[in-house]
Amino acid sequence: MRPLVTLIGAGPGDPELLTLKAARALAAADVVLVDELVNRGCLAHLRSDARIIEVGKRGGCKSTPQDFIEKLLVLYAKENKRVVRLKGGDPFVFGRGGEEVEALRAQGIEVEVIPGITAGTAVPASLGIPVTHRDCARGVTFVTGHTKDGAEPNWRALAASGTTLVIYMGLRNLPQIIAGLKAAGMDAATPACVIENGTLKTQRQRVATLGTLSGDGFAAPALVVIGDVVRFARAATVLKAKAA
Ligand SMILES: C[S@@+](CC[C@H](N)C(=O)[O-])C[C@H]1O[C@@H](n2cnc3c(N)ncnc32)[C@H](O)[C@@H]1O
C-alpha cells in the first residue's frame with residue numbers, strides 16, 4: 001500500500017466548525033503538522049500519544065520553510081505513520097494545499113484531502129453577512145491582498161464584476177486596495193468591513209463604506225469584505241456564542 005498523508009482543513013477558528021470527517025481522521029493520526037491559524041481546540045481529537053509538530057509562526061518565531069514541511073511529511077509517511085497536515089480554513093483556499101499535494105505525489109505518496117470551512121464564507125457569516133444574495137450579489141470573488149510577486153489584482157475587473165469581494169490577507173495593503181477600487185470606479189458608498197479573529201471570542205469588526213473603511217488598530221488574521229451584502233452585518237446578534 002502506498003504511504004498516505006491526510007490534508008485537513010481545520011475551519012476558520014471556532015474548533016466546533018471542524019468537520020466530523022476531520023475529527024475522525026485526527027483521532028487516527030500518529031503525527032500531525034499544525035499551522036499557526038489552527039485553533040488548538042482542534043487538537044483535542046488527537047490520541048494522547050500523537051506527535052504534534054508546530055510549523056507556523058508562533059511566539060515570534062519564523063514560520064517553518066515550506067520545503068522543510070514537505071520533507072517532514074514525506075519522512076513520516078514513508079515510515080508508515082498516519083500523517084495529518086492540519087491547516088486553517090480550507091487547505092485549498094490560499095493555503096498552499098495544492099503545492100503540498102504536488103510535492104507528496106511526486107514522492108509517490110497518496111494524499112487524501114478533507115476540506116474545511118473557509119474563512120471567506122464563515123467569517124462574514126459570523127456577522128450575518130451572506131456572501132451572495134439574489135438581490136444584490138450574484139457571486140463572490142475570493143482574492144488575496146498579498147501576492148507572492150507583489151503584483152496587484154485587477155481592480156478594474158473586480159470592481160466591474162458586481163460580485164462581493166472577500167479579501168484575504170488584505171489588512172496591510174488596505175489603503176492601496178481601497179484606492180485601487182475607487183480608481184477603478186467602485187462607488188465610495190459601497191458597504192465594506194474588516195473582521196479580525198472571525199468566529200472566535202476575540203472577534204472584532206469595523207463596518208463602514210469603501211470610502212471610510214480603515215484597518216487601523218486591527219491585526220491579522222483579518223478579512224475584508226466589500227459589497228452591498230455588508231449591509232446585512234448585525235454585530236450584536238452574533239457575538240454571543242463564540243469559541244475561545
Ligand atoms: C494564508 S490565508 C489562509 C486561509 C485559509 N486557508 C482559509 O481557507 O480560510 C490566511 C488569511 O485568511 C484570513 N483568515 C483566516 N482565518 C481568519 C479569521 N478567523 N478571521 C479573519 N480572517 C481570517 C485572513 O485574511 C488571514 O490572513
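The values are calculated or read from the model by the stated rules, or taken from the named source; none is laboratory data. The model shown is predicted, which means the values in this text are computed figures rather than measured ones. Here Cβ is always computed from backbone atoms with ideal geometry, including for glycine, and neighbour counts include all displayed protein chains. Ligands, DNA and RNA are stripped out before the accessible areas are found, and what is left, the full protein with its side chains, is counted by its heavy atoms. Shrake-Rupley method; radii C 1.70, N 1.55, O 1.52, S 1.80 Å.
The selection criterion, being away from the ligand (no atom under 12 Å from the Cβ), over 30 Å from Lys71 (Cα atoms), open to solvent by 30 Å² or more (accessible area, probe 1.4 Å) and out of contact with any Cys (no Cβ under 9 Å at 6 or more places or on another chain), does not hold for Arg105. Search segment 1-19 for residues being assigned to a loop (DSSP other than H, G, I, E, B) and buried (at least 16 other Cβ atoms within 10 Å of the Cβ), and hand back the single one that is farthest from the chain's Cα centre (by Cα). Here the answer is Pro3.
Just so you know, in segment 204-230 the residues that are at negative phi, open to solvent by less than 20 Å² (accessible area, probe 1.4 Å) and part of a loop (DSSP other than H, G, I, E, B) include one that is nearest to the ligand (Cβ to nearest atom), and it is Gly215. None of Ala233, Ala159 is under 22 Å from the mean Cα position of the chain (by Cα) and open to solvent by less than 40 Å² (accessible area, probe 1.4 Å) except Ala233.
Test Thr144 against the stated conditions and say whether it is out of contact with any His (no Cβ under 8 Å at 6 or more places or on another chain), within 12 Å of the ligand (Cβ to nearest atom) and more than 18 Å from Ala233 (Cα to Cα). Spelling it out, Thr144 is indeed out of contact with any His (no Cβ under 8 Å at 6 or more places or on another chain), within 12 Å of the ligand (Cβ to nearest atom) and more than 18 Å from Ala233 (Cα to Cα). Residue count for segment 79-98, restricted to those that are away from the ligand (no atom under 16 Å from the Cβ) and either under 15 Å from the mean Cα position of the chain (by Cα) or surrounded by fewer than 17 Cβ atoms within 10 Å (Cβ to Cβ) (or both): 2.
Of the residues screened, Ala119 is one that is aliphatic (A, V, I, L, M) and within 16 Å of the ligand (Cβ to nearest atom). Residue pairs whose Cβ atoms lie under 6 Å apart, separated by 6 or more positions or on different chains, with the first residue in segment 20-49 and surrounded by fewer than 16 Cβ atoms within 10 Å (Cβ to Cβ) and the second among the aliphatic types (A, V, I, L, M), are Lys21/Ile114. So Gly185 passes all but one of these: (1) on the phi > 0 side of the Ramachandran plot; (2) within 8 Å of the ligand (Cβ to nearest atom); (3) open to solvent by 30 Å² or more (accessible area, probe 1.4 Å). Which condition number does it fail? The number of the failed condition is (2).
The residue that is modelled with the highest pLDDT, counting only those in segment 52-65 that are open to solvent by less than 30 Å² (accessible area, probe 1.4 Å) and within 16 Å of the ligand (Cβ to nearest atom), is Val55.
Applying the condition of being crowded, with 18+ Cβ neighbours inside 10 Å and of a type in the set (A, V, I, L, M) to segment 126-154 and asking which residue is nearest to Gln205 (Cα to Cα) yields Leu127. Would it be correct to say that Gly120 is at pLDDT 95 or above, outside any strand (DSSP E or B), under 19 Å from Ala233 (Cα atoms) and out of contact with any strand residue (DSSP E or B) (no Cβ under 8 Å at 6 or more places or on another chain)? So Gly120 does not fit the description; no.
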